[in-house]
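Peer 1: Could you have a look at this structure, given as structure tokens, before my questions?
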Amino acid sequence: MDTKTPTVPAPTSGPVADDVPQAIDTAVANHISHAPAEKSKGKRKRSDDGPELEVDMLSQTSFHLQPSLYVKGHQFSFGKTADNQAVARKRAEESDALRLEEKRRLVDGLFAQQNSRIRRAGGIPWTTPGGGTSSKSSSREELSRQLPDGPADVEESKPTAESTSAMETRVPEQEEAEFAQTLETALEDFPGRDLETGQVTALPVANDETIIIHPGSRYLKIGRGSDLTPISVPNCIYRKIKCPSTNGNSTLNGIEAPESGRDMPIANASPLDSDANSERSTVVASLRNALRERMRQEKLRLPAGKADQPIMQVTRYNASQKPTIYKPHNDPYGVDWLEDYSTDTVFPDKNLWIDEDAPYEQRYPIRSRTFNTVDYGENCTERILSDVQDILENALTKLNPPVHAKDLWKYSVALIVPDHTDKAYIEGMLTVLLQRMAFRQCGVLQESSCATFGAGLSSACVVDIGAERSSIACVDDGLLLAETRHVLHFGRDDVTAFYTDLLRRVSFPYHELDLNRRLDWQMMDELTTRTCTLLDHLVAFNVWKVQVRRKGSPTTEYQLQTFDQTVLAPACFFDPRVFDWNAKMAKVVTKTIRTSYDDDSIPDLKDDGVTVAMGKSTEHLLPPLPPLIHQDPVTTISVDPETGEEVTSTFQPEPIQPPAPSPTFDVVTEAGKMPIDFAITNSLLAAGADLKTVNLASAILILGGGGLIEGISPALAWRVGQHFNGRMTTVVTPEVLPPPRGLDPRFVTWRGGVVWTRLDQMNDIWIKRQEWDEIGIKAYRNRSI
């Protein structure tokens, strides 16, 4: 079927007609694609006022200037065959998937390729006034590497008689130079072209073509740049094992069940009396006394009788409770269980539960915001990276619309990393994203900077309470103050473990509770989220319900009562002595995976070390300063210029302060055991000037899962203010700012990453896949913030 196409008039007078720039713009905008070059023949016929002319032509491929620009004197109509129409439709579909940045980078190389095609077709290749067609000498080789089908070489065509006669009317060299000048002028306004160097630069990609990833110890936040909020998926994976454990394989939860109360008698016994000499019981008693004192100051009503009378009442109530069993046909809490064990890999799904006895091992590749070498081992780098890749690919398929592995080359990815971390973690994540998953480019962003952008602030003190680790850092005018970084080795999971211990002390009715089992941990974590608070006026006798689910057994519901346990549990942030640090530090990740470089070879890529804030938190652990060294008096003899007599004078030199002794302990480890309010105070003091400290203290952000605890903002602001009393001459009034309205505190940092990707400064942060393949981790050093 013949199809009429628009006619393009050839220049009829002058070296270049007025409509040439418009034709060039049309060619640049519509004829850029990755389709391989192919040879096809078409007939060009003039109108009735001129002789018929048939010319062998090349099909329009990556970039093709209209042949009419090289022939003058007549007007031509362009006819297309059915095959050419199919090819044109296919190329139009492919052009929709091309990224704007790739088009701009290919411009110079495409001009060189077009020049070669014109020469092979028998035409006169155009040249620029500077003597070349490309601003880069390697544009041809770069084009060959970037095109998916390789270089678009075209077979040389044998000119026919018609084409020979047509070439006799080609544009003279002088007119061709003017044409080249017009072409260069038209392309100067092409987006992304640097007018000084002539090269094509990278520009921000579209929001829906950018993916922001914020990995955590428990959950992975991921979404497009055009999404309002990310999706949150568990950052774990189930791998099939040959010999499944019968007692539940959940050691990767990272939390040990409290020893106290595990085998404790339940009825008619007070757990506080059974282990009254333990250190934890002493700390719990001090927390309870502090709570009662605050309630008196706030004029809140306290129960009558002795201080332990409410605890005994709660204990008797819980010991007398009997479980409620629901029949399968009348179970409002019924869930679906995984029945098919044929697959080797299973991903967590809230609608599909996995039994404890299932032949799968639960793995958390990231713990404490770094790679989990505690459970995987130091030499299991391949297993860790493989699990991380599978988790990311599964999460991408849950986006709306989903992103599949074959389309990752079209997307850019922004990775949000902790402020204080090891470089092996960053190198491993970049290796997964750029080499294994083959994203187009990747940018590394810091959590605190993203958090301030997500909250709409330029300066703030960011407190991120995660699942296993908490971090504090100050940001001033969008830049992270490195010396204010402070890491704490406890998080919201420790609140769940401590809450479980407090409930055991008051005869928790579910006697078989074991936090090493996945389902039991999930049940207690949900109960902690639902009941814990830091508001003192909510201390009262409250009744709660929990459901225990087991595959093949009906759902069992227990009813329990609490008094002050819901307030004491999150109070562990302010008194970490309740934790068993010997057992806890054995599970803290201290060794990282092997890197591809040596710290001595790249000094700029050493792991983050001790900061000023950490040093301030451990000053009380340092040995006492050595005494001052007093010097003997010094006697000098001088001559009076007026009398000429000798004058003897004696003065006492100031004492010499010997250097402070070096710490004999790991500062990062010991600083991680400090109370969170104490760590925030030292982080603010490490900011520098008093005025800067006052400004940062008035903008404290509490993010992460810990930010969901009710009442944590006023409790933290009050305690930080108490630490500043008497330490500064300027009055400091700490204020905790809420997250933006309607935004979950767990997603503020991710939302800040979206804002970052829309800034022009992101062009200096993107790490190209080719750049990573060539220089590796040095690319991160060159492009880090």
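The values are calculated or read from the model by the stated rules, or taken from the named source; none is laboratory data. Because the structure is predicted, anything quoted here is derived from the model rather than measured. Virtual Cβ from ideal backbone geometry, glycine too; neighbours counted across all protein chains shown. Surface areas here come from the heavy atoms of the whole protein model, side chains and all, with no ligands, DNA or RNA. Shrake-Rupley method; radii C 1.70, N 1.55, O 1.52, S 1.80 Å.
Peer 1: Conditions: (1) at pLDDT below 50; (2) open to solvent by 40 Å² or more (accessible area, probe 1.4 Å). Thr229 meets all but one. Number of the miss?
Peer 2: (1)
Peer 1: Could we say that Leu195 is farther than 17 Å from Pro348 by Cβ and at pLDDT 50 or above here?
Peer 2: Here the answer is no, as Leu195 does not meet what is asked.
Peer 1: Just checking, does the stretch 612-635 include any residue being touching a residue at least 24 places away in the same chain (Cβ under 8 Å) and charged (D, E, K, R)?
Peer 2: Within the stretch 612-635 (the criterion being touching a residue at least 24 places away in the same chain (Cβ under 8 Å) and charged (D, E, K, R)), the answer is yes, since at least one residue qualifies.
Peer 1: Residue under question is Arg436, and the condition is that it be closer than 30 Å to Val694 by Cβ and of a type in the set (Lys, Arg); does it hold?
Peer 2: Here the answer is no, as Arg436 does not meet what is asked.
Peer 1: Could you please find all residues in the stretch 694-732 being at pLDDT below 90, open to solvent by 30 Å² or more (accessible area, probe 1.4 Å) and among the β-branched types (Val, Ile, Thr)?
Peer 2: Selection gives Thr729, Thr730, Val731.
Peer 1: Quick check on Val495: is it in a strand (DSSP E or B), on the phi < 0 side of the Ramachandran plot and among the aliphatic types (A, V, I, L, M)?
Peer 2: Here the answer is no, as Val495 does not meet what is asked.
Peer 1: Looking at (1) in a loop (DSSP other than H, G, I, E, B); (2) touching a residue at least 24 places away in the same chain (Cβ under 8 Å), find the lone condition where Gly742 falls short.
Peer 2: The one condition Gly742 does not meet is (2).
Peer 1: Which one of these does Asp599 not meet: (1) within 30 Å of Phe678 (Cβ to Cβ); (2) at pLDDT below 90; (3) open to solvent by less than 80 Å² (accessible area, probe 1.4 Å)?
Peer 2: Only one criterion is unmet by Asp599, namely (1).
Peer 1: Go through (1) more than 30 Å from Ile712 (Cβ to Cβ); (2) open to solvent by 80 Å² or more (accessible area, probe 1.4 Å); (3) modelled with pLDDT of 80 or more one by one and return the number of the condition Val610 breaks.
Peer 2: Just one mismatch for Val610, condition (1).
Peer 1: At least 2 residues that are closer than 25 Å to Thr730 by Cβ and out of contact with any Cys (no Cβ under 7 Å at 6 or more places or on another chain) in each: list the helices (runs of 4 or more DSSP H) lying fully within the stretch 610-704 that qualify.
Peer 2: On the way: elements: 612-617, 667-671, 676-685, 690-697.
Correct list: 612-617, 676-685, 690-697.
Peer 1: A follow-up question, please. Within the bounds of the stretch 638-659, is there any residue that is open to solvent by less than 80 Å² (accessible area, probe 1.4 Å), among the hydroxyl-bearing types (Ser, Thr, Tyr) and closer than 30 Å to Leu538 by Cα?
Peer 2: No, because not a single residue in the stretch 638-659 is open to solvent by less than 80 Å² (accessible area, probe 1.4 Å), among the hydroxyl-bearing types (Ser, Thr, Tyr) and closer than 30 Å to Leu538 by Cα.
Peer 1: Something else now. When residues of the stretch 228-241 are filtered for being within 17 Å of the chain's Cα centre (by Cα), in contact (Cβ under 8 Å) with a residue 40 or more places away in the chain and assigned to a loop (DSSP other than H, G, I, E, B), how many remain?
Peer 2: Residues meeting the conditions: 4.
Peer 1: Further, regarding this structure: For residues that are buried (at least 22 other Cβ atoms within 10 Å of the Cβ) and either of a type outside the set (Ser, Thr, Tyr) or free of Cβ contacts under 8 Å to residues at least 60 places away in the same chain (or both), tally how many sit in the stretch 748-765.
Peer 2: Residues flagged as buried (at least 22 other Cβ atoms within 10 Å of the Cβ) and either of a type outside the set (Ser, Thr, Tyr) or free of Cβ contacts under 8 Å to residues at least 60 places away in the same chain (or both) within the stretch 748-765 amount to 7.
Peer 1: List pairs: first residue in the stretch 312-325 and farther than 14 Å from Arg504 by Cα, second residue assigned to a loop (DSSP other than H, G, I, E, B) and among the β-branched types (Val, Ile, Thr) anywhere in the structure, Cβ distance under 7 angstrom, at least six positions apart or on different chains.
Peer 2: As it stands, the answer is none, since no pair meets every condition given.
Peer 1: Testing Asp677 on (1) open to solvent by 60 Å² or more (accessible area, probe 1.4 Å); (2) under 30 Å from Gln722 (Cβ atoms); (3) of a type in the set (Asp, Glu), one condition comes back false. Which one is that?
Peer 2: (1)
Peer 1: What do you reckon, is Glu483 open to solvent by 10 Å² or more (accessible area, probe 1.4 Å), among the acidic types (Asp, Glu) and touching a His at 6+ places or on another chain (Cβ under 9 Å)?
Peer 2: So Glu483 does not fit the description; no.
Peer 1: Here is a further query. Does the stretch 511-545 hold any residues that are surrounded by 21 or more Cβ atoms within 10 Å (Cβ to Cβ) and more than 31 Å from the chain's Cα centre (by Cα), and which are they?
Peer 2: Within the stretch 511-545, Leu513, Val539 qualify.
Peer 1: Across the stretch 556-596, what is the total count of residues that are crowded, with 19+ Cβ neighbours inside 10 Å, of a type in the set (S, T, N, Q) and at pLDDT 90 or above?
Peer 2: So the count comes out to 4.
Peer 1: Something else: Could you list, in sequence order, the residues of the stretch 317-333 that are assigned to a helix (DSSP H, G or I) and either open to solvent by less than 50 Å² (accessible area, probe 1.4 Å) or touching a strand residue (DSSP E or B) at 6+ places or on another chain (Cβ under 6 Å) (or both)?
Peer 2: Within the stretch 317-333, Tyr317, Asn318, Ala319 qualify.
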